[in-house]
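Engineer: Structure incoming, see below.
Derivation of every value follows stated rules applied to the coordinates shown; laboratory data play no part. Keep in mind that what you see is a predicted model, and the values were worked out from it rather than measured. Positions of Cβ are generated from backbone atoms using ideal geometry, with glycine treated the same way; all protein chains shown enter the neighbour counts.
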């Protein structure tokens, strides 16, 4: 398989998937907290290279029934290119049941409902949407490229097309000053989007990012562990009617949660309360990672 660029990332749940790199980098690449593609110019890979990778997968990846399309935002591709790609996957890898990818709000908004439904019909199954926050001042500060209303309409468009929607949010991204406002607004947005899956991560400041520079200059201060737990509790509080999988099992987090809402809502809040009371050991700083 041909992999280009300094980094190739995929969601934790795609660990056993065939990773087919279709684009290199991220089409947005302005988020102040993300250093993954800062030195990478976004580009589409040549069709001949992708075709060769599909041939490789057809020969050597017959035990894997899912495929993840990398890098940061394959959905931004023109519809004709996506249709051709999904058609080729179906033809070359007929045993693959699910095709999954990352997307941002701009990419989702570039597709009509009919186009999203067409992609679903051709095998697209799961869309991973980075929400990060529902707090508009924070979204503007981190240069997310969308406000909460845009993220809401993007999430709903994915759901209405019959696609599985997995969203991620970030504890700590608003800093200490807007911590609670970020948590409350994000909880409201998650309840409104009603995704199939919520993944909660905790911010790790990376040296090659503008946010790291802000922290070094004293313009940004991360909440402490207690503050992050309070964010987590506020974020979960309004999700009493949500029907989804919720996980904070990423190694960036201090506290691990993994359950289904609304069934496990009360138990999750109780676990956070135990952590706030010092009754649970949290992940040590040396064991946190991206």
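Engineer: What number, in percent, do you get for the relative contact order of the chain if the mean sequence gap of Cα pairs under 8 Å and at least 6 apart is divided by its residue count?
Structural biologist: That works out to 14 percent.
Engineer: Taking the chain as the reference, fit the longest principal axis to its C-alpha atoms, fit the long axis of helix 179-193 to the helix C-alpha atoms, and give the angle between the two in degrees, 0 to 90, nearest 10.
Structural biologist: 40 degrees
Engineer: Post the alpha-carbon centroid distance, the range 230-266 to the range 1-60, in whole angstrom.
Structural biologist: Rounded to whole Å, the Cα centres lie 29 Å apart.
Engineer: Give me P(r) over the range 149-242, computed from all C-alpha to C-alpha distances, binned every 10 Å, as integer percentages.
Structural biologist: 16, 42, 30, 12, 1
Engineer: Right, something else. Classify the chain as rounded, prolate or oblate, taking a ≥ b ≥ c as the square roots of the eigenvalues of its Cα gyration tensor: rounded when a/c is under 1.5, otherwise prolate if a/b is larger than b/c and oblate if not.
Structural biologist: Because a/c hits 1.5 or more and a/b exceeds b/c, the chain counts as prolate.
Engineer: Right, another one. Round to the nearest 0.05 the FRET efficiency obtained for residue 80 and residue 3 when R0 = 35 Å and r is the Cβ-Cβ distance.
Structural biologist: 0.90
Engineer: Starting with the highest mean, order 255-263, 230-238 by the number of other Cβ atoms within 10 Å, averaged over the residues of each peptide.
Structural biologist: Put in order of decreasing packing, that is 230-238, 255-263.
Engineer: Expressed as a rounded percentage, what relative contact order does the range 1-68 have, with Cα pairs under 8 Å and six or more residues apart?
Structural biologist: The normalised contact order for the range 1-68 reaches 47 percent.
Engineer: With bins 10 Å wide starting at 0, give me the P(r) of the range 1-84 over every alpha carbon pair, in whole percents.
Structural biologist: 17, 48, 30, 5, 0
Engineer: On the Cα set of the range 106-264, report Rg and Dmax in Å, please.
Structural biologist: Computed over the Cα atoms of the range 106-264, radius of gyration and Dmax are 15.9, 50 Å.
Engineer: Can you say what percent of the DSSP beta bridges in the range 12-287, counting only those with both residues inside, are antiparallel? Round to 5.
Structural biologist: The antiparallel fraction comes to roughly 20 percent.
Engineer: At 0.36 nm per residue, minus the direct Cα-Cα distance, what do residue 240 and residue 217 gain on full extension? Give it in nm, one decimal, please.
Structural biologist: This chain segment gains 4.3 nm when fully extended.
Engineer: Considering the alpha-carbon set of the range 128-201 alone, what are its Rg and its Dmax in angstrom?
Structural biologist: Calculated on Cα positions, Rg and Dmax stand at 11.5, 38 Å.
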